[in-house]
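Derivation of every value follows stated rules applied to the coordinates shown; laboratory data play no part. No experiment lies behind these values; they were computed from the predicted model shown. A quick note on method: Cβ atoms are made from the backbone with ideal geometry, for glycine too, and the neighbour counts reach across all protein chains shown.
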Amino acid sequence: MTDLRIVKGKATRDHLITVARDLFGERGYEATPIGAVLQAAGVARGALYHHFETKEALFDAVLNRVMEDIADAAAEAARAAPDPVASLRAGCATWLRMALEPAVQRIALLDPPAVVGWTRWREIDEQHVLGGLRATLHLIAAEGRLPAKEVDVLAHMMLAAVSEAALLIARAEDPERALADGQAAVDIMIDRLTAG
């Protein structure tokens with residue numbers, strides 16, 4: 001038998017994350033007071049603090065959700081590709097295109113270092129993205145196109161490189177141009193990495 005309190009609690013938590021995602025994405029962390037989240041969510045302060053001890057904890061949950069969405073979109077694009085190298089390219093390209101979205105920029109790239117700190121930001125990034133990246137590189141290594149013993153280090157390096165390209169897009173005066181440049185640079189890296 002399902003405990004309705006647990007179901008209701010999960011629904012409230014998910015609703016708070018969704019509402020906060022919209023507000024943090026539109027306004028940024030600093031410009032979004034907890035009162036705005038409470039009003040938009042239609043919940044009492046106690047309900048919010050039952051699920052999230054602080055505004056930072058709420059942001060952490062929102063960041064997790066956004067990174068999960070990025071990873072899911074990248075994985076979907078990668079699965080549609082005909083081979084592991086094309087999968088790697090498609091996943092990276094998807095993440096870079098998502099970096100054009102202002103809400104993704106604020107939540108996944110610009111606000112995290114100041115709100116949750118660099119270490120936590122990288123942990124969340126690795127939690128959602130690194131596994132798929134590593135698996136794709138293992139497939140490429142199985143084809144003899146890169147050394148299998150280097151897969152873990154290369155996965156970390158690719159994650160850092162693509163994240164930095166996404167950050168450049170987010171901060172660029174001309175994001176579309178930065179996307180084209182970032183994509184070209186990532187493609188060069190992938191070509192050189194997988195040249196065999």
Residue check, L63 more than 16 Å from A135 (Cα to Cα) and touching a Pro at 6+ places or on another chain (Cβ under 7 Å)
yes
Members of region 163-196 that are among the acidic types (D, E) and buried (at least 18 other Cβ atoms within 10 Å of the Cβ)
none
Give the residue that is farthest from L63 (Cα to Cα), with candidates limited to residues of region 1-37 that are surrounded by 12 or more Cβ atoms within 10 Å (Cβ to Cβ) and of a type in the set (G, A, S).
G9
Subset of region 123-162 that is touching a residue at least 60 places away in the same chain (Cβ under 8 Å), closer than 18 Å to R89 by Cα and within 21 Å of the chain's Cα centre (by Cα) - its residue that is surrounded by the most Cβ atoms within 10 Å (Cβ to Cβ):
V162
Helices (runs of 4 or more DSSP H) wholly inside region 1-75 that include at least 3 residues being within 30 Å of R97 (Cβ to Cβ)
4-27, 34-41
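What are the residues in region 52-71 that are charged (D, E, K, R) and farther than 17 Å from G25 by Cβ, if any?
If we filter region 52-71 for residues that are charged (D, E, K, R), which is where we start, we get 53, 55-56, 60, 65, 68-69.
Once the filter is applied, which keeps residues that are charged (D, E, K, R) and farther than 17 Å from G25 by Cβ, region 52-71 yields only E53.
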